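K.L.:
Before I ask anything, let me first share the structure, which is written out below as structure tokens.
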Amino acid sequence: MALQSMTGFARSSADVAGVAISWELKSVNGKTVDARLRLPLGFERIEGLARQAIQKRFSRGNIQATLSVAKHGAQVQPVINEAFLKDVAALAQRLEQQFGASPASADGLLALRGVLDLPETAEDDTARLSSEGTILAALDEALGGLEAARLAEGRALGDLLAGHVTIIEQLTARAETDPSRQPAIIRQRLAEQVALLMDASTNLDEQRLHMEAAFLATKADIREEIDRLTTHVASGRALLATGGPIGRKLDFLAQEFNRESNTLCSKSNSGAVTAIGLELKAVVDQFREQVQNLE
């Protein structure tokens with residue numbers, strides 16, 4: 001199953017019985033699928049069906065769907081509310097005489113809400129059902145376009161995330177093979193530290209000191225973190241290969257990557273390993289940022 005981004009854009013249009021129909025869809029990140037519809041007055045009846053179509057197609061993302069419907073070719077006779085126009089004109093004349101307001105113009109008066117009305121032509125049941133079917137078919141076409149856009153971006157994100165996983169694997173291998181992790185190096189460093197402490201004070205319990213040194217050596221071992229990072233790398237590749245709506249799983253994996261990177265830095269006994277841990281943290285941050293865009 002292919003990866004899918006949560007961001008995308010699509011349009012579709014159709015024409016039926018002198019009515020031009022168009023849908024515009026925009027999708028952005030979201031924890032769940034949230035469909036927000038903007039419909040012209042009189043088309044509220046299709047909201048439920050449109051919402052179901054969106055939710056059936058996608059599992060995550062905030063999706064805004066805007067429907068535009070425009071009739072063309074029909075002769076519409078404008079209707080003027082003459083009584084209201086007369087009252088408004090009289091008020092404008094009085095304001096001009098008493099307060100020196102600018103004279104009202106004809107186009108200005110006609111532009112006032114309630115003065116001029118362009119009534120919609122009546123629509124019979126057959127035409128209404130036909131237009132509703134065309135509207136939903138156009139929506140399905142737009143949803144297909146949106147899905148294609150999200151899939152295309154999902155493929156690009158998949159390649160990017162796979163690259164991040166490869167870098168994490170390489171940094172983990174560098175930490176594992178760093179010279180500071182060789183037993184001889186660790187023993188030498190601890191021996192030097194113990195010798196310095198013994199020279200500094202003759203009151204130290206030598207046996208207790210060696211026990212503490214052994215404890216510190218165990219605590220500084222990053223074998224467990226390296227093993228976990230290796231396991232997480234394998235899990236990341238498996239998820240990316242599986243595809244589908246894996247955004248939440250990859251987000252959890254990013255948290256695990258980050259936890260092991262932090263522990264690696266805190267347990268490091270060399271500047272080189274600390275530098276590797278900091279590089280890991282930077283790559284993991286990039287990985288997690290991109291994961292937020294996946295469904």
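K.L.:
Being closer than 19 Å to Ile54 by Cα, more than 13 Å from the chain's Cα centre (by Cα) and not aliphatic (A, V, I, L, M) is the filter; apply it to the range 1-20 and report the residue that is surrounded by the most Cβ atoms within 10 Å (Cβ to Cβ).
P.N.:
Filtering the range 1-20 down to residues closer than 19 Å to Ile54 by Cα leaves 2-14.
When the remaining residues are screened for being more than 13 Å from the chain's Cα centre (by Cα), the result is 2-3, 9-14.
Of the ones still in play, those that are also not aliphatic (A, V, I, L, M) are 9, 11-13.
Values: Phe9: 14, Arg11: 14, Ser12: 19, Ser13: 13.
Checking each candidate, the answer is Ser12.
K.L.:
Here's a check for you: in the range 247-269, which residue that is of a type in the set (A, V, I, L, M, F, W, C) and at pLDDT 95 or above is surrounded by the fewest Cβ atoms within 10 Å (Cβ to Cβ)? Break it down stepwise before answering.
P.N.:
Going through the range 247-269, the residues of a type in the set (A, V, I, L, M, F, W, C) turn out to be 250, 252-254, 257, 264-265.
Subsequent filtering for residues that are at pLDDT 95 or above retains 250, 252-254, 257.
Working: Leu250: 23, Phe252: 12, Leu253: 21, Ala254: 23, Phe257: 28.
Residue satisfying both the conditions and the ranking: Phe252.
K.L.:
All but one of (1) more than 25 Å from the chain's Cα centre (by Cα); (2) modelled with pLDDT of 95 or more hold for Glu224; state the number of the condition that does not hold.
P.N.:
Going through (1) more than 25 Å from the chain's Cα centre (by Cα); (2) modelled with pLDDT of 95 or more one by one, Glu224 breaks only (2).
K.L.:
For the range 21-64, name all the residues that are among the hydroxyl-bearing types (Ser, Thr, Tyr) and either at pLDDT 95 or above or in contact with a helix residue (DSSP H, G or I) (Cβ under 8 Å, 6 or more places away or on another chain) (or both). Steps first, please.
P.N.:
Pass one, the range 21-64, residues among the hydroxyl-bearing types (Ser, Thr, Tyr): 22, 27, 32, 59.
Selection gives Ser22, Ser27.
K.L.:
Are there any pairs with C-beta distances below 8 angstrom linking a residue in the range 42-62 that is in contact (Cβ under 8 Å) with a residue 40 or more places away in the chain to a residue that is assigned to a helix (DSSP H, G or I) and among the acidic types (Asp, Glu), with the two at least 6 apart or on different chains, and if so which?
P.N.:
Close Cβ pairs (under 8 Å, with a partner that is assigned to a helix (DSSP H, G or I) and among the acidic types (Asp, Glu)) amount to Arg45/Glu132; Ile46/Glu132; Ala53/Asp140; Arg57/Glu147; Phe58/Glu147.
The values are calculated or read from the model by the stated rules, or taken from the named source; none is laboratory data. This one's a predicted model, so the numbers in the text were calculated from it and none came from an experiment. Note that each Cβ is placed from the backbone with ideal geometry, even for glycine, and that neighbours are counted across all protein chains shown.
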